[in-house]
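Below is one structure, written out as structure tokens; comments come after it.
The values are calculated or read from the model by the stated rules, or taken from the named source; none is laboratory data. What you see is a predicted model; the values in this text were computed from it and never measured. Note that we place each Cβ from the backbone using ideal geometry, even for glycine, and neighbour counts take in every protein chain shown.
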Amino acid sequence: MGDVLSVMKTFTDRVAVVTGAGSGLGRALALRFARERMKLVLADVDEAALAATGALLDGVGTPWLARRTDVSDGAQVEALAQAAEAAFGAVHVVCNNAGVAPLGAVWENTESDWRWALGVNLWGVIHGVRVFTPRLLAHGDEAHIVNTASVAGLLSPPGMGIYNVSKHAVVALTETLHHDLAARGARVRCSVLCPAFFPSGIADSQRARPAALADTGSRSAESDAREAGFRKAVESGRLSAEDVARAAFDAIRDERFYVLTHPRILTAVERRMQDILTGATPRSPV
Ligand SMILES: NC(=O)c1ccc[n+]([C@@H]2O[C@H](COP(=O)([O-])OP(=O)(O)OC[C@H]3O[C@@H](n4cnc5c(N)ncnc54)[C@H](O)[C@@H]3O)[C@@H](O)[C@H]2O)c1
């Protein structure tokens, strides 16, 4: 726990930016912040989905702004920050949450697969950190950045190499952000969210794929079977997006860095660490 003055305890009328706010966890985060009477800035590539989240916020009576934003494009993230400040003033919470999940053995993934998913999952978080952190530091109030990684940022499950690479990188980026902020004595805190499966639209994330990076690859029958398994695992996730959003909010309020929402997965994380420390060949996490 840090200095009490730096922990975010005041939420009413403060501004939260959420990327990937049209679906799943992003929508649940927006609704969780709305319950705290925050003002919401919603970003997503899917404008109809953003409008649907906005309609839910109307039901709660929350002021909101929606802006179509492709988080892989730095200029669009900069425009999002400017629009947020123009509408509501200083931003206090930023959730870099948008994500996609291409599957397949790493040698089967095409260059477009890599560029698409690293663009959203990694560059989206890089842009969010790069664009918003100086603004949070400049206003000088307590503030918090939540980066959505995954347990795939702490483990390397087979058949989802691009996703694993992107999420491990988000964990590393957020740990470093924490150290850089602490070294400055900043009042900005950060957390990395590492959930396991919860039901959402992630198994259909190709819907948000730009035509310029279209899926041109061919996959083996084994990878197709893995895709079906992934969908089933998402659908049968033990927690809901709302549960994960609640854990993220609690982490902001209680100033917790690592947010691991699914305790049963901790054994696999521990086994990976043991394999590293003992020099053993990695055991499969699944
Ligand atoms: N659902 C799970 O089991 C699970 C587990 C661990 C981590 N996560 C992570 O949670 C986050 C949210 O995913 P979700 O499960 O709610 O999936 P989701 O598909 O329901 O929501 C993701 C949203 O991101 C948007 N999006 C996609 N590309 C974008 C882009 N370039 N710019 C802006 N928005 C874009 C989509 O339109 C969608 O609305 C992701 O980072 C995902 O990796 C999900």
| Taking Thr176 and the conditions (1) under 14 Å from the mean Cα position of the chain (by Cα); (2) surrounded by fewer than 19 Cβ atoms within 10 Å (Cβ to Cβ), which numbered condition does it fall short on, given that it satisfies the others? | (1)
| field | Residue that is in contact (Cβ under 8 Å) with a residue 40 or more places away in the chain, under 26 Å from Gly161 (Cβ atoms) and surrounded by fewer than 17 Cβ atoms within 10 Å (Cβ to Cβ), where the choices are Val125, Val106 | value | Val106
| Taking the stretch 27-45 as the region of interest, how many residues are near the ligand (Cβ under 10 Å from one of its atoms), closer than 20 Å to Glu85 by Cα and among the small types (Gly, Ala, Ser)? | 1
| Can you tell me which residues in the stretch 171-207 are farther than 23 Å from Ile265 by Cβ, among the β-branched types (Val, Ile, Thr) and part of a helix (DSSP H, G or I)? | Thr176
| request: Go over the candidates Arg231, Arg238 one by one and state the one that is out of contact with any Pro (no Cβ under 9 Å at 6 or more places or on another chain) and either within 10 Å of the ligand (Cβ to nearest atom) or not in a helix (DSSP H, G or I) (or both). | output: Arg238
| task | Please find, among Ala101, Ala138, Ala83, Ala90, the residue that is assigned to a loop (DSSP other than H, G, I, E, B) and either more than 28 Å from Ala203 (Cβ to Cβ) or away from the ligand (no atom under 16 Å from the Cβ) (or both). | result | Ala90
| said: Which condition from (1) buried (at least 20 other Cβ atoms within 10 Å of the Cβ); (2) touching a Phe, Trp or Tyr at 6+ places or on another chain (Cβ under 9 Å); (3) part of a helix (DSSP H, G or I) is the one that Asp58 breaks? | reply: (1)
| field | Within the stretch 211-252, tally of residues that are touching a Ser or Thr at 6+ places or on another chain (Cβ under 7 Å), surrounded by fewer than 14 Cβ atoms within 10 Å (Cβ to Cβ) and at pLDDT 90 or above | value | 1
| Only one of Val41, Val18 is buried (at least 20 other Cβ atoms within 10 Å of the Cβ), touching a Cys at 6+ places or on another chain (Cβ under 8 Å) and touching a residue at least 12 places away in the same chain (Cβ under 8 Å); which? | Val18
| task | Quick one: Leu5 ticks every box in (1) over 15 Å from the mean Cα position of the chain (by Cα); (2) at pLDDT 95 or above; (3) assigned to a helix (DSSP H, G or I); (4) not polar (S, T, N, Q) except a single one, so which number is it? | result | (2)
| request: Please work out which one of (1) assigned to a helix (DSSP H, G or I); (2) in contact (Cβ under 8 Å) with a residue 60 or more places away in the chain is the condition His144 fails and give its number. | output: (1)
